[in-house]
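What follows draws every value from the coordinates through simple rules; no lab data is involved. On a predicted model such as this, the values are computed, not experimentally measured, just so you know. Quick reminder, even Gly has a Cβ in these numbers, built from the backbone with ideal geometry, and neighbours come from all protein chains shown.
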Amino acid sequence: MADTPAGLTPPCDWVVEDLLKDGQMVGGVFSSGYDECDILTNDYWIQEANGLPKHSFLIAKPLMEGTHLVEDDEVDTRHRLPSKRSDGEEEVFDEEASHALLLRVQNPANLPNEGQQTSTRHDAIRQAITTETDGVPTESDFVDPLTRRELQYSGIEASVIGTFYYQENEDGEEELTFGSDIQTFFSAGHYVVYKPSAEALSWIGSYPAGADDDSPIRLGKVKYTTTRVFDQGDDSPVYVDIEDFIGAKTAVFGMTRKGKSNTMKILAAAIASGDTDVGQLIFDPSGEYAYTNDQDEYALGELYKESEPISTVYKFNPDEDEEGVKPIRSNLLSRDNLRITQSYVRTLLADDDSTYVEKFVNTEIPSKEEISDLSGGKRTKAEKIHSAYFAVISKSIGVDKLPDDFKTWFNIGDELDVINNASVVESDFSTSKYGSIGLGKYRGRNQLVEFWEGVAEQDDKLSDFIDDDLETILEMLVPPGNNRGYEKLSGLNKFHNSSSEGDVAEEAYQELTEGKLVVIDISNGRESVVTSETERIVEEVRRTSRSRFRSTDEEDQDLPNIQIYLEEAHQHFESDTFRDEGSMNPYVELAKEGAKFKVGMTYATQEVSSVDERVRANTANWLVTHLNSDKEINELADYYNFEDFATSIKDVEEEGFIRMKTKTGQYIVPLKVDLFNEEWVTSNTHFDVQKRESDIQEDEEETGK
């Protein structure tokens with residue numbers, strides 16, 4: 001992690017006066033309530049404060065301090081309370097404020113004499129634009145100075161967000177803390193209102209993230225409007241506690257190209273650079289997390305630490321020379337990947353209700369490990385079923401694609417003579433000196449398929465050799481009648497990669513347990529393949545996490561922190577799918593129980609209403625950019641105070657302009673998110689930025705170097 005951000009100091013070091021230091025007085029409260037108040041202000045004060053945009057944070061300080069804000073001699077005797085003092089001493093007012101109110105500008109407010117003021121303003125502007133010299137109003141065309149001073153006063157309606165006050169912390173020190181309400185209000189005007197300085201605004205916008213934490217990260221800077229006519233002075237950086245985003249649900253809502261991906265990159269990079277080991281799984285539908293594109297300057301796949309990439313990128317059909325990139329597809333003709341192969345078989349045949357197909361899917365196929373634990377006739381039976389099953393898979397994918405090193409072995413007797421007489425057998429099979437036969441690829445021939453096709457052809461002569469399970473498998477290999485059999489599995493080709501080693505899902509999960517960042521680039525895959533592969537990877541995370549959670553093994557119970565990032569989240573969390581109790585959707589299952597498995601989700605979408613309300617209800621962090629639909633904005637209004645920002649969310653389309661509510665943050669902060677670029681990376685993380693080798697080559701080709 002980078003050094004503590006300059007200007008951001010621990011909450012315990014701040015006092016109320018720090019919130020007011022270098023701030024600009026903009027008025028005073030003249031009407032109070034528990035949830036809102038009205039402020040008397042003046043054009044001159046607003047001008048000196050460089051404007052008061054809607055949603056601005058303001059600080060209201062008590063004009064007087066002490067036990068009694070109202071003295072006895074100011075109270076009508078009929079309302080005077082008995083004095084609590086017995087020594088006759090006068091109450092001494094504290095020099096420093098005991099508290100301050102945090103306000104947010106909402107709308108103009110009427111003054112008590114608003115009707116008169118409006119009438120006078122009307123007359124003044126009418127006179128100015130009708131009594132002009134050479135078509136241009138002069139100062140003498142306006143009202144007299146005294147009247148003009150009166151007209152400069154106006155009212156502001158502000159919401160009361162809460163109270164900054166002192167509370168004793170664990171160390172016995174008085175610490176400035178925040179409460180999301182007020183304890184009381186007074187009818188008499190006792191609060192002077194200030195627009196905070198840039199430094200104080202940074203502290204307010206970042207609260208409670210502080211430099212006494214190990215995890216403050218700069219996300220952006222406070223911003224109220226896109227218009228910058230009156231803005232002057234320094235920016236007010238906003239820092240967040242990155243721990244808020246670990247193991248929790250985070251929503252990033254907004255239209256396309258409004259900064260959702262940029263925000264998610266910053267969060268992912270910050271988590272990767274933090275002190276907590278977190279495995280991060282990012283599904284990348286457009287390749288922008290793995291590689292730089294036209295809109296973004298850098299990608300997560302190009303972050304390095306000590307000359308090593310911090311991420312592993314999985315993609316379909318990667319180039320051999322791509323550093324840190326692995327293929328997504330698995331080798332379905334590897335005996336070690338039997339369970340992966342079976343999962344795809346079930347996927348392809350899930351909707352097929354043919355009897356022979358259902359029997360094939362439900363046949364138990366023993367693995368290499370299970371076979372090794374058997375002996376005698378049971379072992380021979382298991383080996384034959386295992387071998388015949390892979391013959392079906394090989395024929396479905398293509399007989400010429402069987403790996404050279406593939407081989408199955410099992411004992412066989414006189415049945416071999418019958419099989420050698422089959423018309424499909426090009427040359428006789430023979431056994432080893434131990435009476436076993438090895439089936440695989442030999443001199444370009446796929447002997448595995450050839451042998452079992454011969455068995456199927458001679459099945460009427462091999463009744464003792466073929467049991468019910470083997471017969472079921474052979475019906476898929478050589479289908480009788482008009483049955484398509486193995487042809488129904490031709491789709492396995494889309495999931496097969498002969499160069500892959502092991503299970504991509506298991507490998508990805510292992511990297512996640514080691515705290516690595518894993519990017520699944522699904523930008524160039526077929527939709528059906530992408531859906532199947534991504535769901536299988538998420539299911540591996542869910543299944544393994546659940547298994548470890550329930551395990552009595554002490555090592556298993558130490559669950560790793562995992563964060564999953566999803567674009568187009570409405571496709572995974574739509575209400576119909578979420579409410580289907582029989583659904584096996586792994587995204588839904590993780591959304592329901594991921595928290596106890598230490599699996600968090602950061603999801604992005606422009607369709608708020610399509611995300612099931614139970615997912616939204618359990619979302620801890622909210623980051624909202626531009627939405628163009630009242631329907632979607634109204635859905636947000638059910639959460640926190642986003643209804644206050646409805647107009648801004650709909651009308652302002654600036655990229656990266658978000659309204660943020662975090663897990664530990666107690667109010668919404670409007671801000672402009674920083675651009676994920678080299679400056680941000682080097683200032684906020686331990687990482688360097690380097691282009692991948694393949695990108696450098698592409699750039700050189702484009703420039704003709």
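At-a-glance table
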read-out	value
Region 335-495: C-alpha gyration tensor shape, a/c 1.5 cut-off, then a/b vs b/c	rounded
Loop GluC sites (Glu not before Pro), region 247-350 (other Cβ atoms within 10 Å of the site Cβ: 11 or fewer; DSSP)	Glu306, Glu320
Mean ellipticity per residue at 222 nm, deg cm²/dmol - from DSSP H runs of n ≥ 4 across the chain, formula -39500 (n - 2.57)	-9000 deg cm²/dmol
Per-pair calculated FRET efficiency, R0 = 22 Å: Glu589 and Asp638 via Cβ, rounded to 0.05	0.35
Peptide ranges 40-49, 398-407, 668-677 listed from the most packed, as the mean C-beta count within 10 angstrom indicates	668-677, 40-49, 398-407
Unsatisfied cross-links (Cα-Cα over 21 Å) in the set Lys260/Lys494; Lys249/Lys598; Lys223/Lys258; Lys265/Lys691; Lys368/Lys494; Lys265/Lys631	Lys260/Lys494; Lys368/Lys494; Lys265/Lys631
Antiparallel content of DSSP bridges confined to the chain, in %, to 5	65 percent
The chain: angle of helix 527-550 to the longest principal axis, Cα-based, in degrees nearest 10	80 degrees
Inter-label distance for Thr431 and Gln690, nm, one decimal - labels placed 7 Å from Cα along Cα-to-Cβ	5.8 nm
For Val26, distant residues with modelled amide H under 5 Å away	Val193, Tyr194, Lys195
Helix 447-457 vs. the chain, principal-axis angle (Cα, 0 to 90°, nearest 10)	70 degrees
Tensor-based shape of the chain (alpha-carbon gyration tensor, a/c under 1.5 rounded, otherwise prolate or oblate)	prolate
Extension gain from Tyr44 to Glu613, taking 0.36 nm per residue of separation minus the Cα-Cα distance	200.1 nm
Between helix 693-703 and the chain: long-axis angle, C-alpha atoms, 0 to 90°, nearest 10	80 degrees
Hydrodynamic radius of region 520-679 per Kirkwood, over alpha carbon pairs, in Å	17.6 Å
Highest to lowest packing among 330-337, 561-568, 343-350, scored as the average C-beta count within 10 Å	561-568, 330-337, 343-350
